[in-house]
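All of the numbers you see were taken from the coordinates with simple rules; none came from a lab. Model, not experiment: these values are computed from the prediction. Positions of Cβ are generated from backbone atoms using ideal geometry, with glycine treated the same way; all protein chains shown enter the neighbour counts.
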Amino acid sequence: MGLGAILLVSQNALAHQLDNWKLLPHKQSLSELYFTEHKQLAAVSNTNNPIALSFTVRNREVRTTAYTFTITGKNARSGATYQFGGGAFSVDSKQAHVEQQQLAMPNEDGRIVLTVTISYKTTDYGHTTTQTQSIYHWVTRITPPPPPPAEEPSYDDEYYEEDL
């Protein structure tokens with residue numbers, strides 16, 4: 001009986017050491033971020049029409065997770081940056097959240113990269129860390145042409161000379 005107890009203690013000590021070395025399997029924490037309907041994202045925009053942007057966060061963490069997000073943009077030509085929005089939400093484990101936003105595009109032509117960034121805390125092997133993920137979409141911003149000028153009435157010089 002004494003030998004069995006020694007083996008049991010040795011097994012527990014061995015398992016503990018292997019766990020410290022992160023060699024034993026654990027449930028993986030994972031959050032997915034993707035554009036909900038990526039094929040329907042606008043490629044061209046003008047100031048008259050906001051862009052509909054929808055992204056999904058799928059929680060594959062082992063617990064309910066709180067997320068914060070930001071939507072930013074940067075004009076490739078001018079380098080100007082834009083803050084389009086942000087917010088926060090929680091997602092239960094093994095569930096998904098769809099976030100829908102309407103983005104009013106800036107009054108500047110050029111290619112703009114839209115960036116959606118999420119941030120959240122996760123715990124692996126007893127250590128809590130802050131994770132961030134980002135996805136990107138390019139939009140070409142164009143200024144619609146101005147409306148044609150109203151036609152001015154043409155005046156016939158002879159008509160006016162006769163009236164004088």
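With a ≥ b ≥ c taken as the square roots of the eigenvalues of the C-alpha gyration tensor of the stretch 27-144, please select rounded if a/c is under 1.5 and otherwise prolate if a/b is larger than b/c or oblate if it is not? Prolate shape, in that a/c is at least 1.5 and a/b is the bigger ratio.
Simple spin-label estimate for residue 76 and residue 60 gives 3.1 nm between the two label positions (7 Å along the Cα-to-Cβ direction from each Cα).
Going from the residue with the fewest nearby Cβ atoms within 10 Å to the one with the most, 58, 77 rank 77, 58. Per-residue extension of 0.36 nm, minus the Cα-Cα distance of residue 124 and residue 14, leaves a gain of 37.6 nm for this segment.
Shape class of the stretch 75-117 from the alpha-carbon gyration tensor: prolate, with a/c at 1.5 or above and a/b greater than b/c.
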